[in-house]
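Sharing a structure with you now.
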Amino acid sequence: MARPFLADEAFAAKARNGKSEEINICIACNQACLDHIFTGEFASCLVNPRAGREDEFTVKVTRSAKKVAVAGGGVGGLAAAEMAARIGHNVVLFEASDRLGGQFNLAQHVPGKAEFAETIAYFENALIRQGAEIRLQSPATSAELDSFDHVVVATGVTARQPVIDGIDHPKVAFYAEILRRQRVAGETVAIIGGGGIGFDVAAFLLDGDDHHHQDPEAFAAYWGIDMAVNSDGGLQAAGLPAVMPRRQITMLQRKQDRFGRTLGLTTGWVHKAILQRNNVQQIAAVDYRHIDDDGIHITVAGAPRLIAADTIIVCAGQEPEDQLSAALKSAGKAYSVVGGARLAGELDAKRAIEEGSRAAMAI
Ligand SMILES: Cc1cc2nc3c(=O)[nH]c(=O)nc-3n(C[C@H](O)[C@H](O)[C@H](O)COP(=O)(O)OP(=O)(O)OC[C@H]3O[C@@H](n4cnc5c(N)ncnc54)[C@H](O)[C@@H]3O)c2cc1C
Ligand code: SF4
């Protein structure tokens, strides 16, 4: 229960009082607790930036409530709206799509990240309880925002489209299309991009219907765990059982870096192990040449290569989506920009949630 109490110190009281929907659930990411400990930082929590810093995040109910608009219902915007409402401001949250959660709606399809849905549900419930107005399918425009005293811009990111000859080939898909199951990848796949989302997409494509990460016995079998603890370290003496990869995947990146360098300190090894066991090939320092019916043509250290692929998936980073700030600035509006809209940092919900909370406290 150590991590759940970081996510919500009132966990036990809420459970005892039958208010489980009010509990902020630990999503098992390790990003602000264990990863911090291993780098000498204070332990906190991704879903609850107040943890360990309660003196910085004191909530004082305001005597002069303002009209606050939050543009964007990803986790950055949700945290901002929730904190602003808790302080006592009159909050309207605009979300362009038909659901709250932003990129967390994609992340929750990745093996091991199903709990991300709980964070969306927690914030949505909190906003409803606090009487904030949620407007879905409502892209905020600068004209609409004119009547508010303060605007928090939390409009997130757009996927970066690399400039490669043939990028509009029918074989090419974007990570969001794959994770939303709008497109189904073939048996041979090339992934453009070796960052966290590239790893997540590979894990998603390799995950069968066996759900070994959900069923304890299947999980133990997959990871070679000896549940009877008869052997040293509780691992099966025979080692990890062989895995039959569901797809043949090659990951490509322009950088010379080793793959997975940006993954979490205490969780990255799991993602790397899954890909290694499934024989995912990783090629760095790639120059992309062109895409055609055969696959993606690259050069590595000057030598041309063809990576044959049925599907080529773009996971080549993101750009901030912030079309509102300039108009708000020229209209002289008070505003703040948080999360991906301020800086597109790929797997960076920790910063988005903290920035959203702090922006609301500063209104
Ligand atoms: C597959 C995947 C896995 C991930 N895994 C992790 C992880 O393990 N750990 C981690 O920390 N992060 C992870 N992330 C990244 C994380 O989801 C983002 O860092 C985080 O969602 C950023 O939140 P945000 O609120 O800034 O933006 P977003 O989540 O992008 O939300 C922005 C929202 O604004 C809306 N919007 C846009 N324009 C407007 C407008 N004009 N008006 C109203 N609404 C608008 C969009 O529809 C969207 O809902 C992952 C992302 C993906 C895609
Ligand atoms: S940082 Fe992540 S794993 Fe750690 S307590 Fe918070 S939600 Fe749980």
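Checking the structure you have, find out if any residue of the range 213-232 is within 28 Å of A327 (Cβ to Cβ) and either surrounded by 15 or more Cβ atoms within 10 Å (Cβ to Cβ) or among the charged types (D, E, K, R) (or both).
No - not one qualifying residue is present in the range 213-232.
Let me ask another. Would you mind telling me which numbered condition in (1) away from ligand 1 (no atom under 16 Å from the Cβ); (2) part of a loop (DSSP other than H, G, I, E, B); (3) modelled with pLDDT of 95 or more V47 fails?
(1)
Considering only residues that are more than 23 Å from A285 (Cβ to Cβ), part of a loop (DSSP other than H, G, I, E, B) and among the hydrophobic types (A, V, I, L, M, F, W, C), which ones fall in the range 154-203?
Within the range 154-203, A154, V184, A185 meet the criteria.
May I ask you to say which residue of L78, L127, L93 is in a strand (DSSP E or B) and either within 16 Å of ligand 2 (Cβ to nearest atom) or in contact with a strand residue (DSSP E or B) (Cβ under 8 Å, 6 or more places away or on another chain) (or both)?
Just one listed residue meets the conditions, L93.
Looking at (1) buried (at least 17 other Cβ atoms within 10 Å of the Cβ); (2) closer than 30 Å to S325 by Cα; (3) β-branched (V, I, T); (4) away from ligand 1 (no atom under 16 Å from the Cβ), which one does V70 not meet, given that it meets all the others?
Just one mismatch for V70, condition (4).
Another question, if that's okay. State whether one or more residues within the range 50-58 are of a type in the set (G, A, S), within 15 Å of ligand 1 (Cβ to nearest atom) and out of contact with any Pro (no Cβ under 7 Å at 6 or more places or on another chain).
The answer is no, given that none of the residues of the range 50-58 is of a type in the set (G, A, S), within 15 Å of ligand 1 (Cβ to nearest atom) and out of contact with any Pro (no Cβ under 7 Å at 6 or more places or on another chain).
Show the residue pairs meeting these rules: Cβ distance below 8 Å; 6+ apart or different chains; first residue within the range 10-33 and in contact (Cβ under 8 Å) with a residue 12 or more places away in the chain and within 11 Å of ligand 2 (Cβ to nearest atom); second residue acidic (D, E) and part of a helix (DSSP H, G or I).
I25/E118; I27/E118
Of the conditions (1) away from ligand 1 (no atom under 16 Å from the Cβ); (2) more than 14 Å from Q282 (Cα to Cα); (3) surrounded by 12 or more Cβ atoms within 10 Å (Cβ to Cβ), K255 clears all except one; give me its number.
So K255 meets the others, but not (2).
Which residues, taken from the range 252-297, are β-branched (V, I, T) and either within 16 Å of ligand 2 (Cβ to nearest atom) or assigned to a strand (DSSP E or B) (or both)?
Matches in the range 252-297: T266, T267, V270, I283, V286, I291, I296.
Conditions tested, residue by residue: (1) within 16 Å of ligand 1 (Cβ to nearest atom); (2) at positive phi.
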residue: G166; (1), (2): no, yes
residue: F174; (1), (2): yes, no
residue: E187; (1), (2): no, no
residue: W223; (1), (2): no, no
residue: D232; (1), (2): no, no
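Of all the residues that make up the range 86-102, how many are surrounded by fewer than 24 Cβ atoms within 10 Å (Cβ to Cβ), touching a residue at least 40 places away in the same chain (Cβ under 8 Å) and within 30 Å of L179 (Cβ to Cβ)?
Counting residues in the range 86-102 that are surrounded by fewer than 24 Cβ atoms within 10 Å (Cβ to Cβ), touching a residue at least 40 places away in the same chain (Cβ under 8 Å) and within 30 Å of L179 (Cβ to Cβ) gives 3.
So, of the residues in the range 1-18 that are away from ligand 1 (no atom under 16 Å from the Cβ), closer than 10 Å to C45 by Cβ and in a helix (DSSP H, G or I), which turns out to be farthest from the chain's Cα centre (by Cα)?
For the range 1-18, the residue satisfying everything is F5.
Filter the range 58-74 down to residues that are of a type in the set (A, V, I, L, M) and within 28 Å of A96 (Cβ to Cβ) and give me whichever is farthest from the chain's Cα centre (by Cα).
Of everything passing the filter in the range 58-74, A65 is farthest from the chain's Cα centre (by Cα).
Based on what the data block shows, is H290 more than 16 Å from ligand 1 (Cβ to nearest atom) and touching a Pro at 6+ places or on another chain (Cβ under 8 Å)?
No, not satisfied.
Which members of the range 2-56 meet the condition of being at positive phi and either in contact with an Asp or Glu (Cβ under 9 Å, 6 or more places away or on another chain) or surrounded by fewer than 14 Cβ atoms within 10 Å (Cβ to Cβ) (or both)?
G18, A28, G40
The values are calculated or read from the model by the stated rules, or taken from the named source; none is laboratory data. Because the structure is predicted, anything quoted here is derived from the model rather than measured. A quick note on method: Cβ atoms are made from the backbone with ideal geometry, for glycine too, and the neighbour counts reach across all protein chains shown.
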